[in-house]
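The block underneath contains the structure these notes are about, expressed in structure tokens.
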Amino acid sequence: MNKLKELLKTGNDEQILNYVKNDLAPNIDTYVETVKEVPKLQNELTKLQIESIKRQIEIEEYKKKVDQAIAKLNTK
């Protein structure tokens, strides 16, 4: 896409057309499919991040319980 931006600034119409026709057009279906997948992937990433945070909280709670149990054992 940077090449397209550069051509739009400095290139002539024929250069731009050739770039779009030869470089972009053959891959347009792949680009479209990729763009369609982005929201799904972002949603999945968010779910995984939430799950990770929940697990970190659980781990911290277990650590506190273990520390409390160790403290009780050490005071006896």
Just one of ILE70, ILE28 is part of a helix (DSSP H, G or I), modelled with pLDDT of 90 or more and surrounded by 10 or more Cβ atoms within 10 Å (Cβ to Cβ); which is it?
ILE70
Of the conditions (1) under 13 Å from the mean Cα position of the chain (by Cα); (2) farther than 30 Å from LYS5 by Cα, ILE50 clears all except one; give me its number.
(1)
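The values are calculated or read from the model by the stated rules, or taken from the named source; none is laboratory data. Everything numeric here is computed off the predicted structure, so don't read it as measured data. Reconstructed Cβ throughout: ideal geometry from the backbone, glycine too, with neighbour counts over all protein chains shown.
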